[in-house]
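We did not get these values from a lab; they are worked out from the coordinates using the rules stated. Predicted, not measured: the structure shown is a model, and the values here were computed from it. No Cβ is skipped: glycine too gets one built from the backbone with ideal geometry, and neighbour counts run over all protein chains shown.
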Amino acid sequence: MKASPLFVRTYDLLQWLIPQLGKFPRMHRFGITERIQRVAMDFQDSLVAAGKSRGEQRRKWLGQADIQLEQLRLWMRLARDLEILSIRRYEHAARLITEVGRLLGAWIKNSK
């Protein structure tokens, strides 16, 4: 995929996030950890599909990506509230997700 800022920052998010998930307690590995990883990777897949699509199909994929990013935010907040994720790591993740969200929002706006 092109090295657009959205794809670069999403890749950076995944590159940081996946090792962090390995540090979650074993009791959460097949619940919260799996859901976070799945939604983050599905988000990346939706971006790739949007990048390869045009018109209405692109808008569909971007809408899907927007939903997945919101799901990722909620799962990360739950991990923080359950004290699985430290405040420092949560703040870092929140900054990355917010930046990715701004870039996605700009793409959605430009695609209309």
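Quick look at the numbers
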{"quantity": "Enumerated helices (runs of 4 or more DSSP H) restricted to the chain, each holding at least 3 residues that are in contact with a Phe, Trp or Tyr (Cβ under 7 Å, 6 or more places away or on another chain)", "calculated": "32-51, 55-81"}
{"quantity": "Residue within the stretch 90-107 that is β-branched (Val, Ile, Thr) and in contact (Cβ under 8 Å) with a residue 40 or more places away in the chain present", "calculated": "yes"}
{"quantity": "Residue in the stretch 48-61 that is closer than 14 Å to Gly101 by Cβ and without any contact (Cβ under 8 Å) to a residue 12 or more places away in the chain present", "calculated": "no"}
{"quantity": "Set Thr98, Thr10: member being within 25 Å of Lys112 (Cβ to Cβ), surrounded by fewer than 17 Cβ atoms within 10 Å (Cβ to Cβ) and either of a type in the set (Ser, Thr, Tyr) or touching a Cys at 6+ places or on another chain (Cβ under 6 Å) (or both)", "calculated": "Thr98"}
{"quantity": "Set Arg26, Arg77: member being surrounded by 14 or more Cβ atoms within 10 Å (Cβ to Cβ), of a type in the set (Lys, Arg) and either more than 14 Å from Val100 (Cα to Cα) or touching a residue at least 24 places away in the same chain (Cβ under 8 Å) (or both)", "calculated": "Arg77"}
{"quantity": "The stretch 35-71 - residue that is of a type in the set (Gly, Ala, Ser) and crowded, with 19+ Cβ neighbours inside 10 Å and, of those, nearest to Leu104 (Cα to Cα)", "calculated": "Ala65"}
